[in-house]
1. Would the range 52-59 turn up any residue that is in contact with a strand residue (DSSP E or B) (Cβ under 9 Å, 6 or more places away or on another chain) and over 25 Å from residue 87 (Cα atoms)?
2. Can you go through 128, 137 and tell me which one is surrounded by 13 or more Cβ atoms within 10 Å (Cβ to Cβ), under 20 Å from residue 3 (Cβ atoms) and touching a strand residue (DSSP E or B) at 6+ places or on another chain (Cβ under 7 Å)?
3. In contact with a helix residue (DSSP H, G or I) (Cβ under 7 Å, 6 or more places away or on another chain), exposed (fewer than 13 other Cβ atoms within 10 Å of the Cβ) and at pLDDT below 90 - does that describe any residue in the range 95-105?
4. In the set 76, 46, which member is within 20 Å of residue 127 (Cα to Cα), out of contact with any strand residue (DSSP E or B) (no Cβ under 7 Å at 6 or more places or on another chain) and not in a strand (DSSP E or B)?
5. Which members of the range 49-73 meet the condition of being within 12 Å of residue 9 (Cβ to Cβ) and either assigned to a loop (DSSP other than H, G, I, E, B) or at pLDDT below 95 (or both)?
6. Of everything in the range 79-99 that's touching a strand residue (DSSP E or B) at 6+ places or on another chain (Cβ under 8 Å) and either assigned to a strand (DSSP E or B) or without any contact (Cβ under 8 Å) to a residue 24 or more places away in the chain (or both), which residue is farthest from residue 111 (Cα to Cα)?
7. Find the residue count for the range 29-43, including only residues that are surrounded by fewer than 17 Cβ atoms within 10 Å (Cβ to Cβ) and in a strand (DSSP E or B).
8. Out of the range 1-28, which residues are crowded, with 16+ Cβ neighbours inside 10 Å and outside any helix (DSSP H, G or I)?
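The values are calculated or read from the model by the stated rules, or taken from the named source; none is laboratory data. These figures come from a predicted structure and were not determined experimentally. For neighbour counting, all protein chains shown are included, and Cβ atoms are generated from backbone atoms with ideal geometry for every residue, glycine included.
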């Protein structure tokens, strides 16, 4: 059984409802949510056009299957929640990224684990550090240390979220 961390985000429609539905869908097909962070709101990054802000969260998971089965499951959940991919960084109802899988490094056209920009993204590091502050990241630093090194003016925790 694999263990790891997945990031979820939404900036279209009922963002919190999309995240809640994604959590329900994850809890089937061998994917189990162990811990979930609060919701965090952040401005879109790496986009040219104006977009609504994102709600983001990170979950710790276990999965009974292989890496590509996990990727397929995550993409199936995205599609079921209305995700379309008209162009890179398009607004989306659901975005699911596999961040880390314990004891695994994987590089393929379809998937790179650990996620290559994991430690550069506050919208990932804030919720990850919330649920796993002592997690050692690829740089050798803990999630809490990386979080402290990132700007936080564009992200805020949603109370009760």
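1. yes
2. Details: 137 fails: touching a strand residue (DSSP E or B) at 6+ places or on another chain (Cβ under 7 Å).
It is 128.
3. Within the range 95-105 (the criterion being in contact with a helix residue (DSSP H, G or I) (Cβ under 7 Å, 6 or more places away or on another chain), exposed (fewer than 13 other Cβ atoms within 10 Å of the Cβ) and at pLDDT below 90), the answer is no, since none of the residues qualifies.
4. Step by step, each of 76, 46 is checked, and only 46 is within 20 Å of residue 127 (Cα to Cα), out of contact with any strand residue (DSSP E or B) (no Cβ under 7 Å at 6 or more places or on another chain) and not in a strand (DSSP E or B).
5. Residues satisfying the conditions are 51, 52, 53, 54.
6. Among residues in the range 79-99 that are touching a strand residue (DSSP E or B) at 6+ places or on another chain (Cβ under 8 Å) and either assigned to a strand (DSSP E or B) or without any contact (Cβ under 8 Å) to a residue 24 or more places away in the chain (or both), the one farthest from residue 111 (Cα to Cα) is 83.
7. Going through the range 29-43 one residue at a time, the tally reaches 4.
8. 2, 4, 5, 6, 7, 8, 9, 10, 11, 12
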